[in-house]
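*Asks:* What follows is a single structure, and I will ask about it in a moment.
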Amino acid sequence: MCSSDLGNALAGTFTAGQAYQIEKTAPVDAAVAIPVDGAQHRAATVPTAFSGTAADNTGGVGLAADSTTFTIQRSSDSHYWTGTNWTATSPVALPTTHVSATDGTAAWTSAGTLPNWTATPDGTYTVIATATDRAGNTFSGTPISFTLDNTAPATASVTTPIDGSILRAADGATKVPATFAGDAADNGTGVGLVADSTTFTIQRGTDSHYWNGTDWSATTAVALATTHASTTDGSSTAWTSNVALPDWTATPDGTYTVTATATDRVGNAFTGTPISFTLDNTAPVVASIVRAETNPTNAASVTFTVTFVEPVTGVTTGAFSVATTGTIAGTSVTGVSGSGATYAVTVATGTGDGEVRLDLTTVDGIADVATNAMVATYSAGQSYDLDRTNPATTIGFPAAVAYNTAGWNAGCSTTGLCGSASDGSTWSDTGIARVQVAIQNVTTNRYWNGSSWAVGITWLTATGTTSWAYGFAASNLVNGSQYTVSARATDGVGNVEAPAVTSSFIYDTAAPGSASVTAPADGSVYRSANVPTATGQAADGAGGTSPSGLAANSTTVTIRRNSDGAYWNGTDWQVAIDNLPTVHAATTGTTATTWTRTSGLVPWASQTDGTYTIQAKATDKAGNSGSGTAVTFTLDNTAPTVISIVRARSEEHTSELQSLAYLVCRLLLEK
């Protein structure tokens, strides 16, 4: 019983005071509606705001506005989102917004900043909402989880057609497949693929257009349908085309590119590596047959490069034949090597000069990779010009049998050897590559090596080609020695003149040894009827081991009328000396010959009496001259007369008549 401090008892009751509401029952609802439990998302599809519902228990004190919170936990490390980052290791209540509720249910929406899902690792994320009533009683609802998958699928391959294959429309092993196929798979932690979600494109290389299921009019990629099973993880599924493919018989040859794209359940797409195949409905042909080696040539074997417009097989020697011109004979195809679109074909060139061309004349067995058989032959290739004819050289100098120093120095514009050369082929003039000379001293059997005489032949290269020269001074020659000069040319394809052309000569600087007059006799007296024909002897000198000798008719004579110093020129007398020709045989070495003056003789009967001098001059084959001793004779065409007859003795009378007759006769004879 209540009383005051004075002991007064409480008088009556009081029921109008304040009261406490005692609430110990937690709310009954704290649900997450968005994201949907079990949903799969990529960053672009994760809801921009999370939401749900909250409610207090029936008869409860209700919920204050914005009192509901939620947490987001990631599975990769069990961390919680703080509103800023993922550093929290224990739950962080994230704010929501909703109206207050004294009874019934309140719909809440996330009020804070959600994660940047593009920068958030793939995985499972758990969201839990917590409702708190006005009395502070809390209730955490059932967690929901969703999967974040920002990673594209791992596989979108094309296995049919085979990458790099060459196919044709016609039936056979190389026919374009009736159905295209490949594989698709999500990444190893991915959400998998929806059935038939993979697509592919076909682009042709000729104009970069795409197949749209009906025609090639599309200029941008058109996704073509496939059929395949669904997956729920990174396992692979095989897809096949589920669209009408082109009519390959009506489609132009060229390169076609097929590309597959796999799209996972949340929309991440992956385009695989394109494959390409070549559509080839055209039979192969030869693009060219060209020379693989230098032309012109004299080679016994040559090689042609045969190029097809595309790779082929079945190319053998039997596919080819050799076309020739000129005098070529005995050619054959001896070998084929190579593969693909390029082959090397070897041809034996036989004999003779002319053109050799390789033709493809037999197409049996030749086909391209798509098995299109070859049908066209080819005979428009390049030719080799065959030149097997040796060039020809002419030695212009030395060409005579003998030379002295002056004759040698006058032979060529550059002292030495000179001449010409020409290619001997009438079919293909390949020009002269070089001319070589060899100089032999036959007397000593030594060869000039460019600076001295040595044992063994040395071929020296001349300057020039079609007109050539080799400098060689007269000081290198020895008087009385015999020499042989050889020359040979090499043409543009390497044919060497054989045998070499030669020219032999004697180098002779010594004058002839004799040039005598044997008739008329020196000091003799002749009347015109008795003057003998001028004759004499001539011989080369004995200098060196090989005197050059005298050329036929090379000796000359002079006939001088001493009364006035005039010379006979064959028809008359003249002031200038005139060397008159003679007739005699040629000589070698020092052998003598008899010369005779046989024409243009002096008509002695009409000439003035007096003395006449005849002198011979011999000239050897090298041009050296020597004059012999002159002879002088007297011409007397006047008859004798008696000047007087006198006694030879003192007595006038004598019986010696014989002696007197003798004296008269003697006088007459002396006249």
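*Asks:* Failed condition for Ile34, given (1) more than 29 Å from Ala269 (Cβ to Cβ); (2) open to solvent by 50 Å² or more (accessible area, probe 1.4 Å), with all others met?
*Replies:* (1)
*Asks:* When Thr257 is evaluated against the numbered criteria (1) in a loop (DSSP other than H, G, I, E, B); (2) open to solvent by less than 50 Å² (accessible area, probe 1.4 Å); (3) of a type in the set (Ser, Thr, Tyr), which criterion, by number, is the only one it fails?
*Replies:* Here Thr257 clears every test but (1).
*Asks:* Still on this structure, please answer the following. Given the criteria open to solvent by less than 70 Å² (accessible area, probe 1.4 Å) and either among the aromatic types (Phe, Trp, Tyr) or closer than 11 Å to Thr198 by Cβ (or both), does Thr237 qualify?
*Replies:* Yes: the conditions hold for Thr237.
*Asks:* Among the residues of the stretch 89-100, are any surrounded by fewer than 19 Cβ atoms within 10 Å (Cβ to Cβ), modelled with pLDDT of 95 or more, touching a strand residue (DSSP E or B) at 6+ places or on another chain (Cβ under 7 Å) and in a strand (DSSP E or B)?
*Replies:* yes
*Asks:* Need at least 1 residues that are under 20 Å from Ser379 (Cα atoms) and open to solvent by 60 Å² or more (accessible area, probe 1.4 Å) per element, so show me which strands (runs of 3 or more DSSP E) inside the stretch 264-303 make the cut, counting only ones lying wholly within it. Even if it seems obvious, please write down each step before you answer.
*Replies:* Values: elements: 269-271, 275-279, 286-291.
Ranges flagged: 286-291.
*Asks:* For the stretch 552-575, give me the residue count where each residue is open to solvent by 40 Å² or more (accessible area, probe 1.4 Å) and under 16 Å from Ala616 (Cα atoms).
*Replies:* Final tally of qualifying residues: 5.
*Asks:* Criterion first (outside any strand (DSSP E or B) and either out of contact with any strand residue (DSSP E or B) (no Cβ under 7 Å at 6 or more places or on another chain) or buried (at least 20 other Cβ atoms within 10 Å of the Cβ) (or both)) does Ser486 satisfy it?
*Replies:* no
*Asks:* Something else now. Could you tell me which of the residues Ser644, Ser599 is over 30 Å from Ala400 (Cβ atoms) and exposed (fewer than 15 other Cβ atoms within 10 Å of the Cβ)?
*Replies:* Of the residues listed, the single one that is over 30 Å from Ala400 (Cβ atoms) and exposed (fewer than 15 other Cβ atoms within 10 Å of the Cβ) is Ser644.
*Asks:* What's the total number of residues in the stretch 128-156 that are in a loop (DSSP other than H, G, I, E, B), under 60 Å from the mean Cα position of the chain (by Cα) and either under 19 Å from Thr97 (Cα atoms) or among the β-branched types (Val, Ile, Thr) (or both)? If you could, list the steps in order and put the result at the bottom.
*Replies:* Initial filter on the stretch 128-156 (in a loop (DSSP other than H, G, I, E, B)): 134-137, 141-143, 149-154.
Cutting the leftovers down to under 60 Å from the mean Cα position of the chain (by Cα) gives us 149-154.
Adding the requirement that they be either under 19 Å from Thr97 (Cα atoms) or among the β-branched types (Val, Ile, Thr) (or both) leaves 151.
Number satisfying all stated conditions: 1.
*Asks:* Among the candidates Gly365, Gly338, which residue alone is assigned to a strand (DSSP E or B), open to solvent by 50 Å² or more (accessible area, probe 1.4 Å) and more than 30 Å from Ala462 (Cβ to Cβ)?
*Replies:* None of the other options fit; the residue is Gly338.
*Asks:* Report, ordered by the first and then the second residue, all pairs with beta carbons closer than 7 Å, sequence separation of six or more or different chains, a first member in the stretch 571-599 that is without any contact (Cβ under 8 Å) to a residue 60 or more places away in the chain, and a second member that is among the aliphatic types (A, V, I, L, M) and part of a loop (DSSP other than H, G, I, E, B).
*Replies:* Filtered contacts from the stretch 571-599: His584/Ala552; Ala585/Ala552; Ala586/Ala551; Ala586/Ala552; Thr593/Ala585.
*Asks:* Tell me, yes or no, whether the stretch 499-508 has at least one residue that is farther than 30 Å from Thr632 by Cα, under 60 Å from the mean Cα position of the chain (by Cα), acidic (Asp, Glu) and at pLDDT 95 or above. Give the steps one after another, and end with the answer.
*Replies:* Going residue by residue through the stretch 499-508, those that are farther than 30 Å from Thr632 by Cα are 499-508.
From what's left, under 60 Å from the mean Cα position of the chain (by Cα): 499-508.
Next, only the ones that are acidic (Asp, Glu) stay: 508.
With the extra rule that they be at pLDDT 95 or above, the set shrinks to none.
Looking through the stretch 499-508, none of the residues is farther than 30 Å from Thr632 by Cα, under 60 Å from the mean Cα position of the chain (by Cα), acidic (Asp, Glu) and at pLDDT 95 or above.
*Asks:* Would you point out which residue out of Asp215, Asp207, Asp196 is in contact with a strand residue (DSSP E or B) (Cβ under 6 Å, 6 or more places away or on another chain) and either at pLDDT below 95 or of a type in the set (Asp, Glu) (or both)?
*Replies:* Unique residue meeting the criteria: Asp196.
*Asks:* Considering each residue of the stretch 409-450, count those that are over 41 Å from the mean Cα position of the chain (by Cα) and assigned to a loop (DSSP other than H, G, I, E, B), and give that number.
*Replies:* Residues meeting the conditions: 9.
The values are calculated or read from the model by the stated rules, or taken from the named source; none is laboratory data. Every value quoted in this text rests on a predicted model; they were computed, and no experiment measured them. With ideal geometry, Cβ positions are generated from the backbone for all residues, glycine too; neighbour counts draw on all protein chains shown. Each accessible area value is taken on the protein alone, full model and side chains, heavy atoms only, with ligands, DNA and RNA left out. Shrake-Rupley method; radii C 1.70, N 1.55, O 1.52, S 1.80 Å.
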